Amino acid sequence: MSSPEIASLSWGQMKVKGCSTTYKDCKVWPGGSRTWDWRETGTNHSPGVQPADLEEVVKKGVKTMVIGRGMSEALQV
């Protein structure tokens, strides 16, 4: 099973193919997607993505992960 495709991307809006939700930020994995709420783990542009942000997706069986840094590449990884 492959991850859903990103259907469109513009400033502050991301659409996932086959999903009616428009996301500001999202997590995508084989078989699904959901809003990525940075407040859940204290993520901010600096210090950036937290290990806890990745755990959920890793548990879904992802073998390769792509982390976007945002339109201005401000999110640290």
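The values are calculated or read from the model by the stated rules, or taken from the named source; none is laboratory data. Worth saying up front: this structure is predicted, and the values here are computed from it rather than measured. Cβ: placed from backbone, ideal geometry, glycine included. Neighbour counts: every protein chain shown. Ligands, DNA and RNA are stripped out before the accessible areas are found, and what is left, the full protein with its side chains, is counted by its heavy atoms. Shrake-Rupley method; radii C 1.70, N 1.55, O 1.52, S 1.80 Å.
A few points about this structure:
- Taking the 1.4 Å solvent-accessible surface of segment 6-59 as the whole, the part contributed by carbon and sulfur is 52%.
- Rounded to the nearest 20 debye, dipole of the chain from Cβ charges on Lys, Arg, Asp, Glu: 200 debye
- Among the listed pairs LYS27/LYS59; LYS24/LYS63; LYS24/LYS59, those beyond 21 Å (Cα-Cα): LYS24/LYS63; LYS24/LYS59
- Ranking ALA52, TYR23, GLN76 by Cα position along the charge dipole of the chain, where only Lys, Arg, Asp and Glu carry charges on their C-beta atoms, puts TYR23 farthest toward the positive end.
- In the chain, helices alone account for a calculated mean residue ellipticity at 222 nm of -3500 deg cm²/dmol, with every DSSP H run of four or more residues adding -39,500 (n - 2.57).
- Take the chain with all the other protein chains still there, run a 1.4 Å probe, and you get 71 Å² of accessible area per residue.
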